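So the structure is just underneath, and the comments pick up after that.
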Amino acid sequence: MADYRKMWQDLGMDLEKHDEFLAAVPDIYGELFVSQQKRPAGMEYFDFVMSEVHGLRVKELLDKKAEGKKVVSSFCVFVPEEFVLAAGGACIGLCAGAQYSVPIGEKVLPRSLCPLIKSSLGFKLGGLCPYFEVSDFVVGETTCDGKKKAWEILAQYHPTYVMELPQKKGEADKELWLKEVYKFKEKVEAETGVTITPESLSEAIKLANRRRKVLQRLYDTRKHDPVPISGKDAMLITQLSFFDDPERFIEKTSALCDELEDRVAKGEGAAPKGAPRILITGTPMPLPSWKMHHIIESSGAVVVCEESCTGTRSFETLVDETKTGLNEQVEAISRRALNINCACYTPNTGRIDDILRQVKEYKADGVVYYSLQFCQSYSVEYHLVEKALQEAGIPVMRIESDYSDEDAGQLQTRIEAFLEMIK
């Protein structure tokens, strides 16, 4: 990592705080991931990506910028990455899942706010995230009131562009979002100096869809018993999909899927056959948020699916590739977002349908409903989700937490009791 210190310094990062933040990562990662038994060999690549997550990939993005290309960062799966790809740029996610940066974010944000928002701004204010510094601008979105107001503060520290997301899915809402998508396309063209053509957009749509399809393939392997890969590893791969080079990610994940499908055929699993199967639903778990998966799987269960924006919502819906005209392509990109059943929508019965469907597809024995503290949308929506699951005879428990480990022991006790009830 010493090789990257000058790069981080040139990016204006706080090296002392950054060193302190990274110091604990190797031990934590080793305990949570590397120490797992019966781990697929293909995970070696993703271990490498994690070891270089603030190094090699950042250097690649800087090299792209040196060629005159743009780097755009975002927090949300609603942001149409296809336009950035079509203009020759890179679209990346941002760090937002660590407790370390939360107190820094609280210097400008209230404590009674979602940890994800406080963590994300803390990474910027603390000079901790090289992806913030390498990006030409950040794209925010109005998925909740906390984010909507936080972008006003973030704009004081970094170029920020905000997309207005509709709260319903009627015709007027579809029209509003389509206009927002067109405006974002124009923003990308203005920033990059590149005119997006039907040909370039078609290739970008196909590339983004290929990444979604390989994640679909990965998750399909988790429908088997025994599960060929742990929930922690599958979640890590999904988290890294927001950072890694798309073509390389597709290649390496495809190779891993080959191995996993072979393990399925041989009956080899990362967890014992018959282990309790848990579906997690709720708020996103951005890198490096691994607490819930670790507690569940160290309690003897296996996580088989995540109904979240760092899970199935990020890849289940594809953009129609058959459209050839630019306007038709933009409309297809717009429609995809409206098929993502985020809790920002009202009503949101589609999410309940997704959860019930996925419980069957992944043969889940129970559901853990996970929401971050002060996340109003997901906390309120629990009532209707719980009712639907109870009516379907599916065990469910609600967990509200943050990124710290202070409640880990209490959560483990509750989860163990839940698993005993399932058994």
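Nothing in this text is a laboratory measurement; each read-out follows from the coordinates by a stated rule. All values derive from a computational prediction rather than experimental measurement. So basically every Cβ, Gly included, is an ideal-geometry build from the backbone, and we count neighbours across all protein chains shown.
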Practice prompt. Using a 10 Å cut-off on Cβ atoms, rank the peptides 345-356, 27-38 from the highest mean neighbour count down.
Written response: 345-356, 27-38
Worksheet item: When the helix-only estimate is applied to the chain (DSSP H runs of n ≥ 4, each -39,500 (n - 2.57), divided by the residue count), what is the mean residue ellipticity at 222 nm, nearest 500 deg cm²/dmol?
Response: -16000 deg cm²/dmol
Item to complete: Taking a cut-off of 17 Å between Cα atoms, list the lysines near Lys149, but don't count ones fewer than 8 places away on the same chain.
Response: Lys107, Lys118, Lys124
Practice prompt. Please order Val108, Val380, Val303 by the number of other Cβ within 10 Å, starting at the fewest.
Written response: Val380, Val108, Val303
Item to complete: With θ set to phi - 60°, apply the Karplus curve 6.51 cos²θ - 1.76 cosθ + 1.60 along segment 283-295 and write out the HN-Hα couplings as whole Hz, x wherever there is a Gly or Pro.
Response: 6, x, 10, x, 4, x, 8, 10, 4, 4, 4, 5, 5
Response to the item:
From fewest to most C-beta neighbours within 10 Å, the residues Val396, Val139, Val194 line up as Val194, Val396, Val139
Worksheet item: If one computes the Cα centroid of segment 140-157 and of segment 336-393, what distance in Å separates the two points?
Response: 25 Å
Worksheet item: Which of the residue pairs Lys174/Lys206; Lys65/Lys148; Lys6/Lys147 have a Cα-Cα distance greater than 27 Å in the structure shown?
Response: Lys65/Lys148; Lys6/Lys147
Practice prompt. Would you list, by chain and number, the aspartates and glutamates whose Cα falls below 20 Å from the Cα of Lys179, excluding same-chain residues fewer than 8 positions away?
Written response: Glu81, Glu82, Glu141, Glu164, Glu171, Glu189, Glu191, Asp320, Glu328, Glu331
Item to complete: Straight distance only, please: which lysines reach the Cα of Lys213 with their own Cα at less than 19 Å, same-chain residues fewer than 8 apart left out?
Response: Lys223, Lys252, Lys323
Worksheet item: Per residue and in Å³, how big is the convex hull formed by the alpha-carbon atoms of segment 91-190?
Response: 101 Å³
Discussion item. Whole angstrom only: what separates the Cα centroid of segment 246-272 from the Cα centroid of segment 1-40?
Written reply: 26 Å
